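The numbers here are math on the coordinates, done by the rules we state, and not lab data. The model shown is predicted, which means the values in this text are computed figures rather than measured ones. Don't worry about glycine lacking a Cβ; one is built from the backbone with ideal geometry, like all the others, and counts go over all protein chains shown.
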Amino acid sequence: MLDILFYVFSAITLIAAVLMVLTPNAVNGAMCMIVAFIGTAALFVLLEAYFLAVIQVVVYAGAVMVLFLFIIMLLDVDKGEGATEYNNKLTIGASAIGFLLLVMLVFTAFSGDHLPELGLTAVTENPEVFDGGVPFTTSSKSFGYSLFTKYMLPFQVAGFLLLAAMIGVIVVSKKHDVAED
Amino acid sequence: MTVGLNAFLIVAGLLFAVGLLGVTLRQNTLVIYMSLELMLNAVNLAFVAFSRYNGTMDGNLFVFFIITVAAAEVALGLAIIVALFRRRQSVMVDQLNALSH
Amino acid sequence: MTAAQILLAALLTPLLSAVLIACFLRRRGTLASYLSVAAAAGICAFSYLAIQASEAGPIRAAVDWLSFGNFTVSMGFLFDGVSATMLTMVAFVGFLIHVFSLGYMADDKAKGRFFGGLSIFMFSMVGIILADNLIMIFVFWELVGFSSYMLIGHYLDTDEAAAASKKAFIVNRIGDLGFLVGIVYAYWHFGTTNLEAMGAAVNADPSLISWVIAALLMCGFIGKSAQFPLHVWLPDAMAGPTPVSALIHAATMVAAGVYFLIRIAFLFPPEVLGWIAVLGTSVAVYAGFCAYGQNDIKKILAYSTLSQLGYMSAAFGLGYPGIALFHLITHAFFKALLFLGAGSIIHGCHHEQDIFKMGGILKKMPITSITFFIGVLALCGVYGFAGFYSKDAILVAGGLDSTVIFALLTLGAFLTAGYMGRLVWIVFFGEPKSDAASHAHESGFSMVLPLVILAVLSVVGGWIGVWPEATGEIIRDNLEHLHHAEGHDAMHSKVMILGSAAWIVGLLGSFFFYGVGKNGDALQNRAKPVYEFLKARLWFDEIYGFYVAKIQQRFAVLLSFLDIFLIKGIFVRGSAGLVGLVGACSRSLHVGNIHGYVYWFLAGIILLWALAAGVAL
């Protein structure tokens, strides 16, 4: 049953992604992007990363894509403009190399040693051991616990980063005549 | 669930490739940016898959940070695109090229 | 003052004068001339003091100038009997010529430049005389060459002066190349270039004498003293003003080569000396013949100088450097006298130099004529005059060595008398042949006084007994040696007879052959081919001209082509082009197109991936 769900959500994600890339209309593209993010969130659920799935929906699909939509509509890009240009040499070259990368990835994925196939088990207890990697649990509590012990420094730095980004956005998006006062 | 790690990795890889295609093929800056987000998203998926299959939380935590940084980056990037649009009145990459004659 | 300081003063006085003239007095010709004459007088005074100071023994002083590791170049003085003799002559004759130039160059427009050049020349010449090592000699050698170049080209708006100065300098440089190689070899061989040190080394170990060093150092002498094959510059150098010809190309600079030989006499093995004797004799005879084909008074005197230089080198080659020095000194006196006399005549005839346009000068310019006659008699070696004693000694030495040399030298004496007689009969007697000559008048006091003094010296200068004690020691030694040589007395009487016969026959023969005051050259009129052959001077100039124009020029063009194509084209432009190519390639990366950048990103990633995967590059 979960396998079927995996295949379904993978398909949704991939198709939405491809549609996003191909559609000439940017707003449509944003919409497809939202669908892709939701599909990814579903995949996270399948991987028992429930907290992350919710974060994905709330932050990515909810905030980031909405911001994108705002900007797209603010800039009022014409429909049909921005269609892909297939004739440019650079485009062809880059596309070819991208395809090459993909092939290499698939090849790498199917060759060499596979990682151990683990069955999924429901793990809901609190973590006990903290040396080495933090053991996997599905509870948010353990998520928060390791966030505030092992990953304290990145957490604080991320806070500063957000502050800097906020200030940066304010500065960059000021209008010129206002900024030159 | 019998789907193994490889399947998730293939999906992530395909997503990454699609995002890369979008970056190289599209002229609209905003669509390019969205494709970049798609690539980040693919990486997130790969991280979570590895994390689950290794039995640790570190991958998940890293994805948490990636999402944080990506959000900040999107905000700032869009602000820059808006400023650029104010300057050049366009977001099409070929019209933004100031080095060509 | 200490002796070294006196010498330094003697060296630097003319330099100071030259610097002052060059900086401040270029337009103030009169002031410059007085300053230069004062400097020349200063040299005389200081050299007198130096000779007094050197009566105790030779003066030595040295200071290190440059040092690289254990190689040092030092500048120093070596003031012994030889340099005392030479310095006296140079100082005194130089002073007289300076005084003469006051009158001769009185109405020249570039007087300041001329006297500055004279001062620089005196500085360089005194430097050569006082130097104590080869490198210092070489430095001043080049300076003398430069002064000569500057002074020959004094009339710089005439083509022939410019060409002559270039020729002199270039021919000198060819000789100097051998000189320089010789200095390097000498340093390598002896470990020092100091003259006294080398002399001591050779005395201690005679096997150190190497004919290569001698031959190479001789190249400098050949260039400077106009021996075969580098003699071609001396006649052309007559394009300079007459005082310059007198000072530089008669009395001092060309003698510097002989002086240099005398200084390094200890380095010469017998075979090289033999070569020098042959060289000198051949030049003496060759120049004697050439003088018959010349109509310009200065050129005749130039060939006479060439001939007498040949005598000096023959004397040196016969093993008597003292006699060479003796002849050098006496030659300086009477040749300077002759040149100055010619200058006086030229000045009086308003710069007319062709002897067939002069005539009857005796009546118009008596003092000049009498002094000129005295000079001619001294040159011909008439008994009692200065030239007799030195020439007599050379002929005796030649006779004792080899009959061929003796015969040739006597022939040279006969030729000398012949062409000088030709000059005298045509210039001084008969009727004036041109307007300028008929309006000639005696020159001013400043020009006549040196003539008179030099005439006195031309008579007295040969009486070695009356020379000051400190000078002439090596001359007396050599003469003693000669007197005590085997067969001297018989040879001496033979020389007296033949020598006197030579000049008597020469003078009278020219009187009858060329006639007095004739219009044209008798030889030219009667035997034109002979005259033309003599005038051609064995085609040396033509051969050199051909070589330079055809062979050397082609080679120079080839080198220039290589330079342009190889060095400029490939190395310089090529490396610049390479840089430009790299720049263009780098520029192509900056397309401004975002997709292009992505393309380069991906290419870089592939590269890194390949590297990480261990694909050997």
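In degrees, nearest 10, range 0 to 90: what is the angle between the Cα axis of helix C:211-224 and the longest Cα principal axis of chain C?
Compared with the principal axis, the helix lies near 70 degrees.
Please turn the phi angles of region C:90-105 into ³J(HN,Hα) values with the Karplus equation 6.51 cos²θ - 1.76 cosθ + 1.60 (θ = phi - 60°), one per residue in order, whole Hz, x for glycine and proline.
4, 4, 6, 4, x, 4, 4, 5, 4, 4, 4, 5, 4, x, 5, 9
Put +1 on the Cβ of every Lys and Arg and -1 on every Asp and Glu Cβ in chain B; which of B:THR68, B:ILE10, B:ALA98 then has its Cα farthest towards the positive end of the dipole?
B:ALA98
If I stretch the segment between C:GLN552 and C:LEU608 completely, what's the gain in nm (0.36 nm per residue apart, minus their alpha carbon distance), one decimal?
Gain in length upon complete extension: 14.1 nm.
Within straight cross-link reach of C:LYS528, meaning Cα distance under 18 Å, which lysines are found once same-chain residues fewer than 8 apart are removed?
Straight-line reach from C:LYS528, under 18 Å: C:LYS518.
I want to make sure I understand the PRE zone here: with the label point 7 angstrom from the Cα of C:ASN203 toward its beta carbon, which residues in region C:263-303 have backbone N atoms less than 18 Å away?
C:263-269
With only alpha-carbon pairs counted, each pair once and no self-pairs, how large is the Kirkwood hydrodynamic radius of the protein assembly as shown in angstroms?
36.0 Å
Give the lysines whose C-alpha is closer than 25 Å to that of C:LYS224, dropping any in the same chain fewer than 8 places away, or say none.
Qualifying lysines at Cα under 25 Å: C:LYS166, C:LYS167, C:LYS298, C:LYS299, C:LYS335, C:LYS391, C:LYS535.
Using a Förster distance of 41 Å, how high is the FRET efficiency between C:SER434 and C:GLU480, based on the Cβ-Cβ distance and rounded to 0.05? Walk me through the numbers on the way to the answer.
Working: r = 52 Å, r/R0 = 1.27.
Once the sixth-power term is evaluated, E becomes 0.20.
Using the basic label-point model (7 angstrom from Cα toward the beta carbon), what is the B:ARG88 to C:SER575 distance in nanometres?
Spacing of the two 7 Å Cα→Cβ label points: 4.1 nm.
Scan chain C and report its longest stretch carrying no GluC sites (Glu not before Pro) that are both in a DSSP loop and have at most 16 other Cβ atoms within 10 Å.
The answer is C:1-441.
What FRET efficiency comes out for the pair C:ARG60/C:GLU532, r = Cβ-Cβ distance, R0 = 41 Å, nearest 0.05?
Details: r = 55 Å, r/R0 = 1.34.
Between C:ARG60 and C:GLU532 the formula returns 0.15.
So for region C:110-188, averaging the separation of alpha carbon pairs under 8 Å that are six or more residues apart and normalising by length, what relative contact order in percent results?
25 percent
Does anyone have the angle between helix C:253-263 and the longest principal axis of chain C? Alpha-carbon axes, 0 to 90°, nearest 10?
Computed tilt is about 90 degrees.
Hey, can you rank A:160-171, C:74-85, A:141-152 by average C-beta count inside 10 Å, highest first?
On the way: A:160-171: 13.6, C:74-85: 22.8, A:141-152: 16.0.
Order by mean packing, descending: C:74-85, A:141-152, A:160-171.
Are there trypsin sites (Lys or Arg not before Pro) in region C:429-530 that DSSP marks as loop and that have at most 11 other Cβ atoms within 10 Å, and which are they?
none
Roughly how many nanometres apart are two label points built 7 Å out from the Cα toward the Cβ at C:THR30 and C:LYS568?
Going from the C:THR30 label point to the C:LYS568 one covers 5.2 nm.
Just to confirm the number: angle between the C-alpha axis of helix C:594-612 and the first principal axis of chain C, 0 to 90 degrees, nearest 10?
Between helix and principal axis, roughly 90 degrees.
Please state the charge dipole magnitude for chain B, taken about the Cα centre, from unit charges on C-beta atoms (+1 on K and R, -1 on D and E), reported in debye and rounded to the nearest 20.
260 debye
Quantify how strongly other chains surround peptide A:162-169 by giving the mean number of their Cβ atoms within 10 Å of each of its Cβ atoms. Display every interim value, and only then the final one.
Working: counts 5, 1, 2, 10, 3, 1, 5, 8.
If you average over the peptide's residues, the count of other-chain Cβ atoms is 4.
How big, in percent, is the set of alpha carbon pairs in chain C lying more than 39 Å apart? Spell out each step's value before the answer.
Details: 64930 of 190036 pairs.
In whole percent, the long-distance tail amounts to 34.
So if we plug the beta-carbon distance of C:VAL19 and C:ILE370 into 1/(1 + (r/R0)^6) with R0 = 41 Å, what FRET efficiency do we get, rounded to 0.05?
Values: r = 40 Å, r/R0 = 0.97.
The pair C:VAL19/C:ILE370 has a calculated efficiency of 0.55.
Hey, what did region B:1-72 get for relative contact order, percent, Cα under 8 Å, at least 6 apart?
Here the relative contact order equals 29 percent.
Each residue of region C:153-162 in turn: what ³J(HN,Hα) in whole Hz from Karplus with 6.51, -1.76, 1.60 and θ = phi - 60°, glycine and Pro shown as x?
x, 5, 7, 6, 8, 9, 5, 5, 5, 4
Taking the Cα centre of the protein assembly as shown as the origin and placing charges on Cβ (Lys, Arg +1; Asp, Glu -1), which of A:ALA61, C:THR193, C:PRO241 is farthest toward the positive end of the dipole?
Comparing the listed Cα positions along the dipole, C:PRO241 ranks first.
With a ≥ b ≥ c the root eigenvalues of the C-alpha gyration tensor of region C:85-129, is it rounded (a/c under 1.5), prolate (a/b larger than b/c) or oblate?
Because a/c hits 1.5 or more and a/b fails to exceed b/c, region C:85-129 counts as oblate.
What distance in nm lies between label points placed 7 Å from Cα along the C-beta direction at C:ASP354 and C:ALA501?
3.9 nm
Report the relative contact order of chain C, percent, no decimals, based on alpha-carbon pairs under 8 angstrom and at least 6 residues apart. It would help to have the intermediate numbers written out before the result.
Details: 983 pairs, mean separation 77.2, N = 617.
So the answer I get is 13 percent.
With point charges of +1 on the Cβ of Lys and Arg and -1 on the Cβ of Asp and Glu, referenced to the Cα centre of the protein assembly as shown, which listed residue (C:LEU156, C:HIS347, C:TYR311) lies farthest in the positive direction of the dipole?
C:HIS347
For region C:310-320, in order, what is each residue's ³J(HN,Hα) by Karplus, 6.51 cos²θ - 1.76 cosθ + 1.60 with θ = phi - 60°, in whole Hz (x at glycine and Pro)?
Computed from phi, the couplings for region C:310-320 are x, 4, 5, 6, 5, 4, 5, x, 7, x, 10 Hz.
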